[in-house]
1. What are the ³J(HN,Hα) couplings of region 79-94, residue after residue, when phi is run through the Karplus curve with 6.51, -1.76, 1.60 and θ = phi - 60°? Round to Hz, x for glycine and proline.
2. Based on the Cβ-Cβ distance of Asp276 and Ala32, what FRET efficiency does E = 1/(1 + (r/R0)^6) give at R0 = 41 Å, to the nearest 0.05?
3. Could you pull out the GluC sites (Glu not before Pro) across region 104-146 that fall in loop regions by DSSP (anything but H, G, I, E, B) with no more than 13 other Cβ atoms inside 10 Å?
4. Could you list Phe220, Phe177, Phe297 in order of exposure, starting from the residue whose Cβ has the fewest other Cβ atoms within 10 Å?
5. Set Lys and Arg Cβ to +1 and Asp and Glu Cβ to -1, take the dipole of region 3-294 about its Cα centre, and tell me which of Gly99, Gln286, Pro249 lies farthest positive.
6. Just to be sure I understand the model, the point goes 7 Å from the Cα along the line to the Cβ. What's the resulting Asn247 to Leu172 distance in nm?
7. What residues qualify as long-range amide H neighbours of Arg97, i.e. H under 5 Å apart, gap of 5 or more or another chain, H built at 1.01 Å from N?
8. To the nearest 0.05, what FRET efficiency results for Arg200 and Gln22 with a Förster distance of 35 Å applied to their C-beta separation?
Amino acid sequence: MHPDFQLWTTERLALIESFLEQNLPATNCAPARLHEAMRYAVLNGGKRVRPLLSFAAGELSGADKTQVIAASAAVELIHAYSLVHDDLPCMDNDILRRGKPTCHIRYGEPTALLVGDSLQSLAFQLLAESALTEDPRTQLEMIRHLAFAAGSRGMAGGQAIDLDSVGKTLSLPELEFMHIHKTGALIRAAVILGARCGSRLNEDQFKQLDHFAKCIGLAFQVVDDILDAEASTAALGKTAGKDAENNKPTYVSILGIKQARELAHELQREASGVLDKFGPEALRLQQITDFIVQREF
Ligand code: GRG
C-alpha cells in the first residue's frame with residue numbers, strides 16, 4: 001500500500017472507530033447484555049471498506065471528512081447487522097466471524113437477532129439526527145437510499161435469492177443479479193451516501209459513480225469467492241470454498257479460479273475507466289478499487 005494512502009486510511013479508520021465507539025450504547029446502560037452484544041458485533045476488527053468508500057466519494061464531491069462520518073457509520077452498522085443475521089443457524093449457520101465466535105455463539109440466538117434489529121435502527125437514527133448536508137431534502141434522500149439498499153429490493157432481497165439458490169445451478173447472469181443485490185447494494189449506498197455529503201457533483205456524475213460502485217461491488221464478491229476457495233484449498237485440499245461446500249453457487253464454482261480472477265480484473269478496469277473521467281480527485285476511490293481487487297483477506 002502506498003504510504004500516502006496508508007496515512008489517509010489510518011486517519012479515517014480512527015475517525016470511524018471513535019464515532020462508532022461513542023455512538024453505540026454503553027454497556028452500563030440497560031439492557032446491558034444487548035448493548036454489550038451490539039458492541040461485540042461492530043467493534044471487532046472489520047476492514048471498514050464501506051466507510052472508506054464513503055470518505056473517498058465524499059472527498060470527490062467536496063465534502064470534508066467530518067461531514068461524512070455519520071453516513072459512513074450508518075452504512076457500516078447495516079453491514080454489521082447483516083453479518084450477525086447472516087451467521088445465524090437459520091441462515092449460514094457460522095460459528096466464527098472475524099476470527100472470533102459469532103454473535104449468536106457468544107450471546108445466544110435471541111440476543112443476536114435483537115442485535116441485528118437494533119443496529120439497523122441505530123443506523124437510521126444516526127442518519128436522521130446528524131448534520132449530513134446543508135440541504136434537508138438531500139438528507140432525506142440519503143435516508144431513503146440506504147433504506148432501499150438494505151431492503152427487499154436490495155441486500156435483504158439478495159439474501160433471499162441466495163437462500164433460495166442452495167442446491168441449484170445458477171447461470172452467470174443469475175449469480176450476478178444475486179450479488180448486485182446481496183453485496184452490491186450496500187457498497188453502492190456507501191459510495192452514493194458519501195458523495196451526497198458534498199455538493200460538487202451533478203446528477204449525471206452520480207449515475208457514473210453508481211456504475212463505478214456497481215463494478216466494485218461485483219469485484220468485491222468475485223474476490224471474496226476466490227479468497228474463500230483459496231482458503232479451503234490451503235486448509236483442506238479442496239478447491240471450491242465454503243459456499244460451494246454448502247451447495248451454493250459461487251464465481252469460482254461456475255468459472256474456475258483463473259476465469260474468476262480475469263473477471264475481477266475486468267471489473268477493476270471498468271471501474272477505473274469511470275474514475276478516469278473524474279480526474280485526480282478520484283485518486284482515493286482508485287486506490288480503494290485496487291485494494292478490493294488485490295486484497296488477501
Ligand atoms: C441477513 C439481511 C441479511 C443480509 C446478509 C451481505 C450479506 C447479506 C451477507 C454476508 C455474506 C457474505 C460473507 C458475503 C460475502 C461478501 C461479504 C459481504 C463479505 C463480508 O464483508 P467484508 O469482507 O467484512 O467487508 P468485514 O469483516 O471486513 O467487515
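Read-outs: derived from the displayed coordinates by stated rules, not from any lab. Note that the coordinates shown come from a computational prediction; the quantities given were computed from them, not determined experimentally. Please note: Cβ atoms are built from the backbone with ideal geometry, for glycine as well, and neighbour counts cover all protein chains shown.
1. Coupling constants for region 79-94: 4, 4, 4, 5, 5, 4, 5, 4, 7, 4, x, 6, 10, 8, 6, 9 Hz.
2. Efficiency, from the Cβ-Cβ distance: 0.20.
3. Those satisfying the criteria are Glu134.
4. Ascending Cβ contact count within 10 Å gives the list Phe297, Phe177, Phe220.
5. Final value for the positive-end residue is Gly99.
6. Modelled inter-label distance: 2.7 nm.
7. Under 5 Å from the amide H of Arg97: Thr102.
8. 0.75
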